[in-house]
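The values are calculated or read from the model by the stated rules, or taken from the named source; none is laboratory data. In this text, all values refer to a predicted model and were calculated from it rather than measured experimentally. Note that we place each Cβ from the backbone using ideal geometry, even for glycine, and neighbour counts take in every protein chain shown. Quick note on the areas: whole protein, heavy atoms, side chains included, nothing else; ligands and nucleic acids left out. Shrake-Rupley method; radii C 1.70, N 1.55, O 1.52, S 1.80 Å.
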Amino acid sequence: MRTEPSPVDGVVDSVLVPAQPSRPNPGRAGARVRSRDHFSLLVVRGDGARVVRFNFTRPVAVGTFVGLAFAISVVGALARDWTQLRELTREARTFARQIADQRETIDSFNRRAAELRQEMMGWRELHARIWEPFGPELVPGARDKGIGGGATKLPDRLSPKDEVERLAESVTEQGEHLRALDRLMARAGKAVAALPSRWPVRGSVNSEFGNRLSPWTRVTEFHGGIDINAQPRTSVRAPAEGTVTFAGTQPEYGITIVLDHGQDVRSLYGHLAQTAVKQGERVERGQVIGYSGNTGRSSGPHLHYEIMVKGQSVNPRAYLWN
């Protein structure tokens, strides 16, 4: 009778089989290594369900990160440059307005300077007319000015610096003329003040300067002054400042006063009733020097007024201004 092996014997056999040494699974190890070189990007919904998955290798992820960082830095730099450029643009607009205003101011100054220069050039003709009666020897800068050479046309538009320099030259020149004119007028003022330009008495003229018929002989005679109608004892005033060189009586003019005004100019007052000054006395313009009357060779009360220049009688009307 053949005996069948029991299940127990079979299990035992299996257990008694020498155990084989375990070896690593190369496929699973490779999967773990590859998983470290890959990155995944999951796009999920709000409920956590996955929608899209993107797989990236390490070089791609690193490159993407580096590129993103570079892009952010570039954008930041561009934003900073744009801000600076905007500020510079704003400042440039401000400077442009200021430059335009300054250019307008400079142009206005140039126009005004040119107008003033033209006006001052016109003063030269006026000064020439003023100085002409005094002779060329008194004209300032009237030295020999012989010049020559070709003519050079000046530019139509001068720079502000050149315009200011030319204007300064004109101002200096005109200043010299004005100072010289001031000195001359000071001298002329003294000379004018010494001229007997004031009426010694106010009244009508009975007899003019020059030839006339004598009221006594009816023969033509020369009258060296003018006879001014004046009531007896009318105040006679000095027509200019001067010194009394004579105060007394003469055969022709009776009580007489002679004033020396300087510059070889003298004045005579005849037919007075009384003198109010003494010989050698200094008198001022408008001062009472005597009183009109009818002394000497006279046909009635009046004042004989006579002016002598270098000893020669001249027409007093040429000196009577007021």
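Brief remarks on what is shown
- Count - residues of the stretch 231-246 that are of a type in the set (Val, Ile, Thr) and without any contact (Cβ under 8 Å) to a residue 40 or more places away in the chain: 1
- Every residue from the stretch 156-211 that is outside any loop (DSSP other than H, G, I, E, B) and of a type in the set (S, T, N, Q): Ser170, Thr172, Gln174, Asn206, Ser207, Asn211
- Subset of the stretch 228-248 (residues that are over 57 Å from the mean Cα position of the chain (by Cα) and polar (S, T, N, Q)): Asn229, Gln231, Thr234
- Pairing each residue of the stretch 86-111 that is touching a residue at least 40 places away in the same chain (Cβ under 8 Å) and within 16 Å of Lys161 (Cβ to Cβ) with any residue that is of a type outside the set (Lys, Arg) and surrounded by 11 or more Cβ atoms within 10 Å (Cβ to Cβ), provided the two are 6+ apart or on different chains, yields C-beta distances under 7 Å for Ile106/Pro160; Phe109/Pro160; Asn110/Pro160; Asn110/Glu163.
- Residue check, Val171 over 51 Å from the mean Cα position of the chain (by Cα), farther than 29 Å from Leu259 by Cα and of a type outside the set (D, E, K, R): no
- Pair list, Cβ < 7 Å and 6+ apart or interchain, from the stretch 247-272 residues that are within 27 Å of Lys190 (Cβ to Cβ) and open to solvent by 60 Å² or more (accessible area, probe 1.4 Å) to residues that are assigned to a strand (DSSP E or B) and among the acidic types (Asp, Glu): Arg266/Asp260
- Near pairs, Cβ below 9 angstrom, 6+ apart or cross-chain, from the stretch 311-322 (under 13 Å from Val205 (Cα atoms)) to any residue that is open to solvent by less than 60 Å² (accessible area, probe 1.4 Å) and among the acidic types (Asp, Glu): Pro316/Glu306
- Screening the stretch 193-227 for residues that are of a type in the set (A, V, I, L, M), open to solvent by less than 60 Å² (accessible area, probe 1.4 Å) and over 15 Å from Met308 (Cα atoms) and picking the one that is nearest to the chain's Cα centre (by Cα) gives Ala193.
- The one condition from (1) farther than 30 Å from Pro215 by Cβ; (2) in a strand (DSSP E or B); (3) among the small types (Gly, Ala, Ser) that Ser313 does not meet is (1).
- Residue match in the stretch 313-320 (condition: in contact with a strand residue (DSSP E or B) (Cβ under 7 Å, 6 or more places away or on another chain), among the polar types (S, T, N, Q) and over 13 Å from Leu195 (Cα atoms)): yes
- Condition check for Glu87: open to solvent by less than 100 Å² (accessible area, probe 1.4 Å) and assigned to a helix (DSSP H, G or I): yes
- Residue count for the stretch 276-322 satisfying the condition of being in contact with a Lys or Arg (Cβ under 8 Å, 6 or more places away or on another chain), open to solvent by less than 20 Å² (accessible area, probe 1.4 Å) and aliphatic (A, V, I, L, M): 2.
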